[in-house]
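Below is one structure; the comments refer to it alone.
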Amino acid sequence: MSLLTKKIFRSIFIYAAIAVMLTITIMVVLMNRLGYETLDDRLRTETNVLAHGVERSGAGFLSDADLGCVDAVLISEDGYIIFAENEKLTGRRADYPEAKAARREGSGSTSKFSFISSQTEINCAVRLRDGSVLRTSARPHSIMTLYGGFLGSALFLLGTALLTAILLARFISKKIMKPINSINLENPKMKRAYPELKPLLKRLRAQNSKVKIQMEELRHSREQFEAITESMSEGLVFVSPKFMILSCNSGALKLLDAPSGCEGISVFSLNNTDSFRHCVQNAAGGKRSDCILEINGENRQIIASPSRNHSMVNGVVIFIMDVTEHQQLETMRREFTSNVSHELKTPLTTIYGISDMLANGLVKQEDVQKFGGNIRSESERLITLINDIVSLSKLDEGAVPEENEPVDLYALSDEIIGRLKMAADEKKVSFRLRGDHVTYVGNRVILDEIVFNLCDNAVKYNKDGGRVDVKISHIPKYALITVSDTGVGIPEYSLNRIFERFYRVDKSRSGKIKGTGLGLSIVKHGVMYHNGDIHAESTVGEGTTFTVKLPVEKSSDKAE
């Protein structure tokens, strides 16, 4: 039973019970009043009958008469009691109000309630012809005495009435509530409703329409939010103050290598390492925190920030990023700085040492030319290194001017082979240029560095008497430059690192070969500048082949 139904039931029952009790009380009062009026009439009649008998037969009539419950007193004209059933009253002076009224008016009556006996005494007096007064009195039974005989029946009737009131109250309350309970709150109809409820139902329908619009807007906003977060490669997790996941995108699950279906579970089920736990707990305490996690060999940066409502922290927002490449670049930057320092220090140390010997006259005159040649060689090496670093830095920063022009790759390769002829002759390495005159729109300086470094490495790391094949060709939408050698080759484990700066496959061997260790890095960045791709294949002891693919359409767009 609903609260409203209980209130209606209670109200109906109370009012029905009050009505029953009032009805019974009124009936009792009316019956009591009617009883007194009847008794008063009867007493008057009996008094007149007794008065008529006394006038005919004298006071002895009262002694012989059967008075029943009526007390009779005969009072003389001068106010003394002539006859009384209670002989102790005989001869006493009577001072009854009703007797005085009878002497004046011929008859009189009074009634008086006694709290001691809980009874009402009715008195009646009439004046006789001889001036004496006959007074009668009667004490009717009390209400409890009158109705004590049928008290059990009355209580039964009262109980029946109350039970009937309970059943009726229950039935009526349910009947009243039935139309209200049957109202469809989502789509309330006016026809079957109580007229008093129509204003409420109108407001309810208006409120439902407003709520429906707001829910639709909320659903649309949630869909937009989910679409945005799902399109993020970064991870985003919302956490309650009790560390339960409220929402998370697929990026977070992927980056943390966690299973799907994470909502409603502990955030530490995503990752339970001390670093992650400490980071999230700090954010829950109101302090922004971050850490780096290593997951499956990759680095993830966790940024946990507290979500505040006024001054209270009501949750945590966790942002997850893949910083593997950033960490690798940072490592490469440190290695690059270290390698540059080393590569610059070596020729400078040599130049300083020889210069110091020359300045102090420690070199024989016939050796001066030799030492001067060493200084020039190391200076050339230093200048080449600086030039390579500057070129690589420009490619990194995108500072190369976009001076694109049509370049005949075949003719450019032929020119570069001519510049390398002296170095190739020293190792008895032969060049062979094949292919087509493919015109490519690009930066001539960068294209020159790409082909030159590939051919220069092919000579440096070739065998004495080896061969270098250069082929220029094209396929749909791409221009191809292929440089192959018959040199020492590159181990498979090093193929994915040869484009790193200052990386040497065999440091003991490469130390004897002139070079800065930046050639292939310049090649890679030059190819990337032209939106191209470079691929290397090698077999140790047999040689290496580099293939450069340059997109023709993108180069044309760049030229425009």
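The values are calculated or read from the model by the stated rules, or taken from the named source; none is laboratory data. None of these values were measured; they are calculated from a predicted model. Quick reminder, even Gly has a Cβ in these numbers, built from the backbone with ideal geometry, and neighbours come from all protein chains shown. Calculation scope for accessible area: heavy atoms of the full protein, side chains included, ligands and nucleic acids excluded. Shrake-Rupley method; radii C 1.70, N 1.55, O 1.52, S 1.80 Å.
Summary of computed values
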{"quantity": "Segment 57-106 - charge dipole about Cα centre, Lys and Arg +1 at Cβ, Asp and Glu -1, debye rounded to 20", "calculated": "260"}
{"quantity": "Euclidean distance of C-alpha centroids, segment 203-218 and segment 62-100, integer Å", "calculated": "93"}
{"quantity": "Stretchable slack from S63 to F225, in nm (0.36 nm times residue separation minus alpha-carbon distance)", "calculated": "46.8 nm"}
{"quantity": "Mean shadow area of segment 186-305 over all directions, Cα convex hull, nm²", "calculated": "10.7"}
{"quantity": "Per-pair calculated FRET efficiency, R0 = 45 Å: S250 and N531 via Cβ, rounded to 0.05", "calculated": "0.90"}
{"quantity": "Signed unit charges on C-beta, dipole axis of segment 4-66, positive-most listed residue S57, T47, I8", "calculated": "I8"}
{"quantity": "Accessible carbon and sulfur surface of segment 11-127 relative to its total accessible area, %, 1.4 Å", "calculated": "57"}
{"quantity": "FRET efficiency, S275 to M312 (Cβ-Cβ, R0 30 Å, nearest 0.05)", "calculated": "0.70"}
{"quantity": "Rounded FRET efficiency, nearest 0.05, which uses the C-beta distance separating Q214 from R497 and R0 of 56 Å", "calculated": "0.45"}
{"quantity": "Residues with amide H under 5 Å from that of D436, placed H, sequence gap 5 or more", "calculated": "I472, S473"}
